[in-house]
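Enquirer: The structure's right below; bear with me while I get my questions together.
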Amino acid sequence: MTASLLSQLSARVGQVFADCELDPKFGKVVLSQRRELGQFQCNGALAAAKSAKRNPREIAELVVAALEKTGLFQELSLAGPGFINMKLADDFLLDHVNAISKDETFGIRGECTPEKVILDFGGPNVAKAMHVGHLRATIIGESLRRLHEFLGNEAISDVHFGDWGLPMGLLIKEIELQQPELPYFDTANEGPFPSESPVTVDELQELYPAASARSKEDPEFLEAARQATFELQNGRAGYRALWQHMLNVSIAETKIDFDLLGAHFTEWKGEADTNDHIPGMLKRFADEGLSELSDGAVVVRVAEDADKKEIPPLILQKSDGAVMYGTTDLATIEQRQIAHDPDKILYVVDARQSLHFEQVFRAARKGSSLDADAVLEHVGFGTVNGKDGKPLKTRDGGVVRLRALIEDAIGEARKVVEEAGMADRFDAGELSDIATKVGIAAIKFADLSNQRMSNYVFDLERFTKFEGKTGPYQMYAAVRIKSMLRKAADQNITSGDLVITEEAERNLMLALSQLSEAVLSAAEKSAPNILCDHVYALTQEFNAFYHDCQVLGETDEKVRASRLRLCEITLRQIEAVLHLLGIAVPERM
RNA sequence: GGCCCCAUAGCUCAGUUGGAUAGAGCAACAGACUUCUAAUCUGUAGGUCCGAGGUUCGAAUCCUCGUGGGGUCGCCA
């Protein structure tokens, strides 16, 4: 198994530090910040000097002297107060790139211990079309899912449908108001009920805002909706049947969006699936003295003495008897523990819910709802803003539908692609496939390249550009290579052993060798933007190489074979990382 | 009011956990095409890292106090 280049170097340098009776952790090697001075650097001599009260330059000199004997470096130098700059011997770099290229995951999977990770993302709601708010949850969640899969983890993804709260009661009562003749509202009716849904998805989407508005003006309606919610949760047959229709219709609709975005779920569970688990859980919490009555509601107090902030108790059961989403979230944790015994559960949900998750996680710990060493983590993210810096809205101030957003992106991509003259080169089917891929790549790359927690400005024109740090630029680099490989095949040119003849080749190999750190650190921090940075650095180095080095036209056969091989490896890596970002690359464009 | 997040080039953003001269991309300017796809590449210019203290040999990064923006603070999700 191949350890990453940086960890190999760090281990070597760390050994030297150890030989000098210093902590080997000071041997940490990082990418050079000043490429003109070296490819890599180690700053450990400064930190080591501090803790050992020795002279940093002296330590650095010892380290350099010891490293020179290894023969791994073409150049070693000492600069400033004790920075060690290094340039690798080409043979070492070549061996490394060769080694990682033979492995399907570029040697990365071998560095990890497989874990079982549950990813909770997407989070659509019954009757509400997915909107901008779901964009990031879906894109980030799917990227993390693919990342964990890549690392060899068992990745379980659950869409966790919002299908069980007060909105359900509101919808039931709204439908009753508009179509009282339907059979679902008769208490005595135990079914069977019609198999056809009484409402279409479009109707549902009208119904919810109407019901929501009505509940704000009409307290009696709200009260009726609360009652309906309670009865639904307690199994009233007609309500259950109607609810099932609403859920089915909504799931079918959200699947269209998820398919467009390439999101995959291994489980299509929802809040409602916790219903049978909840009574037992409530009883256990009460029996163990973990919950108590407060103003008529059942709550778990989760505040701790050490808290800086005030953490309100988690409400398990409202005074009207119905449960809330905190209750279903807690029950979901218990069910996941039973069904999967996970090492980690990640919640890819809007950052604004951080307090909620804090409460739920604490309640889960308090109630031993899952293994003590299992990790619960809220992977939050910021909002998608318009050019005015405020959360994205439609022209008339409404919620932007996810579908509309995706269609706009594809439309914009189509424009760009047609302006580039692709309509002449491809038939309608292929053109539309390219436009779709470009559009999706544009929004995904733009979204994922931002640091998760910060808000970002949604600007399609910028996202769909082929220049700069955009999705389409990354795709273009990959397509360029594909085109070249096709040509090579046509001309019977084959790839061979790697050699280095130009700086551009060396730089490209160095970029290829950085994947491991990017992937591992992206996984550790749940930060896909690190993957974006890596693939961008890689495509930039490739484009520079492409510019400086002829591949097919190279006359020296060995060099030509090496360059072709380098192209193959680069393509594999670009496609691999883009796959982790959820971006698909067309064959031609 | 308490707490959380954010503030870096004209614009949009990175910044490898405390290291050298703070980096990209757009936009601007100057170059490179009888192309393995120029949808590319090379270069120039652009900074009070919100402010003030502090810790340190060394701070965009850590601590304190402010300023500005966003969010949140028990029966919605």
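Read the figures in this text as sums done on the coordinates, not as results from a lab. Here the structure is a predicted model, which is why all the values come from computation and not from measurement. As a convention, Cβ positions derive from the backbone with ideal geometry for all residues, glycine included, and neighbour counts pool all protein chains shown.
Enquirer: Please give me the summed charge of the neighbours of A:Tyr208: other residues whose Cβ is under 15 Å from its Cβ, Lys and Arg +1, Asp and Glu -1.
Expert: Working: positive: A:Lys128, A:Lys173, A:Arg214, A:Lys216, A:Arg401; negative: A:Asp163, A:Glu174, A:Glu176, A:Asp202, A:Glu203, A:Glu206, A:Glu253.
In short, -2.
Enquirer: What are the equivalent ellipsoid semi-axes of the stretch A:390-451, built from the alpha-carbon gyration tensor (square roots of five times its eigenvalues), in whole angstrom, biggest first? Can you show the working numbers first?
Expert: Numbers: eigenvalues 133, 39, 17 Å².
Calculated on Cα positions only, the semi-axes equal 26, 14, 9 Å.
Enquirer: Only helices at least 20 Å long along their own axis, judged from Cα atoms, and with Kyte-Doolittle mean hydropathy of 0.5 or greater: name those in chain A from DSSP H. Please report the intermediate quantities before stating the final value.
Expert: Values: long enough: A:5-19 (21 Å, 0.61); A:132-150 (28 Å, 0.00); A:201-217 (25 Å, -0.78); A:219-233 (21 Å, -0.38); A:237-261 (36 Å, 0.21); A:325-340 (21 Å, -0.57); A:402-419 (26 Å, -0.02); A:428-448 (29 Å, 0.79); A:471-490 (29 Å, -0.29); A:528-548 (30 Å, -0.20); A:557-580 (35 Å, 0.08).
Long hydrophobic helices here: A:5-19, A:428-448.
Enquirer: Sticking with this structure for a sec: Rounded to whole Å, give me the distance from the Cα center of the stretch A:294-351 to that of the stretch A:395-420.
Expert: Between the Cα centre of the stretch A:294-351 and that of the stretch A:395-420, the gap is 38 Å.
Enquirer: Testing the spin-label approximation: label points 7 Å from Cα along Cα→Cβ at A:Ser77 and A:Arg352. State their distance in nm.
Expert: Those two pseudo-labels are separated by 5.3 nm.
Enquirer: Follow-up. May I ask you to give the average projected area over all directions of the convex hull of the Cα atoms of the stretch A:70-125, in nm² rounded to one decimal? Kindly include the intermediate steps, with their values, before the conclusion.
Expert: Working: hull surface 34.5 nm².
Over every viewing direction, the Cα hull of the stretch A:70-125 projects on average to 8.6 nm².
Enquirer: Moving on. Which FRET efficiency value, to the nearest 0.05, is calculated for A:Asn492 and A:Gln8 with the Förster distance at 45 angstrom and r the Cβ-Cβ distance?
Expert: Working: r = 37 Å, r/R0 = 0.83.
Rounded to the nearest 0.05, the efficiency is 0.75.
Enquirer: Relative contact order, percent, of the stretch A:5-88 when contacts are C-alpha pairs under 8 Å separated by at least 6 residues? Working shown, then result.
Expert: Details: 147 pairs, mean separation 21.3, N = 84.
Relative contact order for the stretch A:5-88 comes out at 25 percent.
Enquirer: Rg to Rh ratio, the stretch A:5-88, alpha-carbon atoms and Kirkwood radius? Provide the component values of the computation, followed by the final result.
Expert: On the way: Rg = 11.2 Å, Rh = 12.2 Å.
The Rg/Rh ratio comes out at 0.92.
Enquirer: Here is a further query. Taking the Cβ of A:Glu502 as the centre, find all other residues whose Cβ is under 11 Å away and add up their charges (Lys, Arg: +1; Asp, Glu: -1).
Expert: Numbers: positive: A:Arg506, A:Arg563; negative: A:Glu503, A:Glu505, A:Asp548, A:Glu554.
For residues surrounding A:Glu502, the net value is -2.
Enquirer: May I pose another question? Kindly state, to the nearest 0.05, the FRET efficiency for A:Glu292 paired with A:Asp103, given R0 = 56 Å and r defined as their beta-carbon distance. Write down the numbers at each step before the final one.
Expert: Numbers: r = 55 Å, r/R0 = 0.99.
Plugging the Cβ-Cβ distance into 1/(1 + (r/R0)^6) gives 0.50.
Enquirer: Same structure again: Using label points projected 7 Å from each Cα along Cα→Cβ, tell me how many nm separate A:Asp218 and A:Arg572, to one decimal.
Expert: If labels sit at A:Asp218 and A:Arg572, their model points lie 6.5 nm apart.
Enquirer: Can you tell me which of A:400-408, A:438-446 comes out highest on packing, and rank the rest after it, using the mean Cβ neighbours within 10 Å?
Expert: Numbers: A:400-408: 17.7, A:438-446: 26.3.
Ranked from most to least packed, the peptides come out as A:438-446, A:400-408.
Enquirer: Still on this structure, please answer the following. Among the trypsin sites (Lys or Arg not before Pro) within the stretch A:45-132, which fall in a DSSP loop and have no more than 11 other Cβ atoms within 10 Å of their own Cβ?
Expert: In loop regions of the stretch A:45-132 (DSSP not H, G, I, E or B), the sparsely surrounded trypsin sites (Lys or Arg not before Pro) are A:Lys53, A:Lys69, A:Lys102.
Enquirer: Same structure, new question: For Cα pairs less than 8 Å apart in space and 6+ apart in sequence, what is the mean separation divided by the residue count of the stretch A:433-502, i.e. the relative contact order in percent?
Expert: Values: 37 pairs, mean separation 18.8, N = 70.
So the answer I get is 27 percent.
Enquirer: Any idea what the dipole of the stretch A:5-88 comes to, in debye rounded to 20, about its Cα centre with Lys/Arg Cβ at +1 and Asp/Glu Cβ at -1?
Expert: Values: 11 positive and 8 negative charges, 49 e Å.
Taking the Cα centre of the stretch A:5-88 as origin, the dipole is about 240 debye.
Enquirer: For the stretch A:194-317, what's the relative contact order in percent, using C-alpha pairs closer than 8 Å and at least 6 residues apart?
Expert: Numbers: 64 pairs, mean separation 19.9, N = 124.
Computed value for the stretch A:194-317: 16 percent relative contact order.
Enquirer: Work out the count of Lys pairs in the stretch A:231-369 where the Cα-Cα distance is under 28 Å, with the pair 8 or more places apart or on different chains.
Expert: For the stretch A:231-369, the number of qualifying lysine pairs is 17.
Enquirer: Give me the one-decimal Kirkwood hydrodynamic radius in Å for chain A, with the sum taken over alpha-carbon pairs.
Expert: Values: mean 1/r = 0.0366 Å⁻¹.
For chain A, the Kirkwood estimate is 27.3 Å.
Enquirer: On to the next question. Using alpha carbons only, what's the Rg to Rh ratio of the stretch A:402-580 with Rh from Kirkwood? Before the final figure, lay out the partial values.
Expert: Details: Rg = 17.5 Å, Rh = 17.4 Å.
Rounded to two decimals, Rg/Rh equals 1.00.
Enquirer: Under the 0.36 nm per residue contour assumption, what length would be gained going from the current alpha-carbon distance of A:Ala65 and A:Ile338 to full extension? Walk me through the intermediate numbers first.
Expert: Numbers: separation 273, 0.36 × 273 = 98.28 nm, distance 5.69 nm.
Using 0.36 nm per residue and subtracting the Cα-Cα distance, I get 92.6 nm.
Enquirer: Using square roots of five times the C-alpha gyration tensor eigenvalues, list the equivalent-ellipsoid semi-axes of the stretch A:230-350 in whole Å, biggest first.
Expert: On the way: eigenvalues 165, 88, 39 Å².
The three semi-axes for the stretch A:230-350 are 29, 21, 14 Å.
Enquirer: If you don't mind, another one. Along Cα→Cβ, 7 Å out, is where each label goes; now give me the distance between the ones at A:Lys390 and A:Thr200 in nm to one decimal.
Expert: Between A:Lys390 and A:Thr200, the label points sit 3.4 nm apart.
Enquirer: Further question on the same structure: Which three extents, in angstrom, do the Cα atoms of the stretch A:166-260 have along their principal axes, listed largest first?
Expert: Per principal axis, max minus min of the Cα coordinates gives 41, 34, 23 Å.
Enquirer: DSSP loop GluC sites (Glu not before Pro) in the stretch A:46-115 with at most 11 other Cβ atoms within 10 Å of their Cβ, which ones? List each step's numbers first, then the result.
Expert: Details: sites: A:Glu58, A:Glu61, A:Glu68, A:Glu75, A:Glu104, A:Glu111, A:Glu115; in loops: A:Glu104, A:Glu115.
Within the stretch A:46-115, the qualifying GluC sites (Glu not before Pro) (loop, at most 11 other Cβ atoms within 10 Å) are A:Glu104.
Enquirer: Report the gain in length on full extension from A:Glu461 to A:Thr266: 0.36 nm times residue separation, minus Cα-Cα distance, nm rounded to one decimal.
Expert: Numbers: separation 195, 0.36 × 195 = 70.20 nm, distance 3.44 nm.
Result: 66.8 nm gained on full extension.
Enquirer: When the label point is put 7 Å from the Cα of A:Glu36 along its Cα-to-beta-carbon vector, which residues of the stretch A:68-92 have a backbone N closer than 20 Å?
Expert: Residues A:75-88 qualify, since their backbone N sits under 20 Å from the label point.
Enquirer: Separate question: If you find the alpha carbon centre of the stretch A:32-105 and of the stretch A:516-568, how far apart are they in angstrom?
Expert: For the stretch A:32-105 versus the stretch A:516-568, the Cα centre distance is 23 Å.
Enquirer: FRET efficiency for A:Arg284 and A:Val375, Cβ-Cβ distance as r, R0 = 25 Å, nearest 0.05?
Expert: Numbers: r = 23 Å, r/R0 = 0.92.
With a Förster radius of 25 Å, E is 0.65.
Enquirer: Still on this structure, I have one more. Once fully extended, how much extra length lies between A:Lys558 and A:Ser368, figured as 0.36 nm per residue of separation less the alpha-carbon to alpha-carbon distance? Spell out each step's value before the answer.
Expert: Values: separation 190, 0.36 × 190 = 68.40 nm, distance 6.31 nm.
Result: 62.1 nm gained on full extension.
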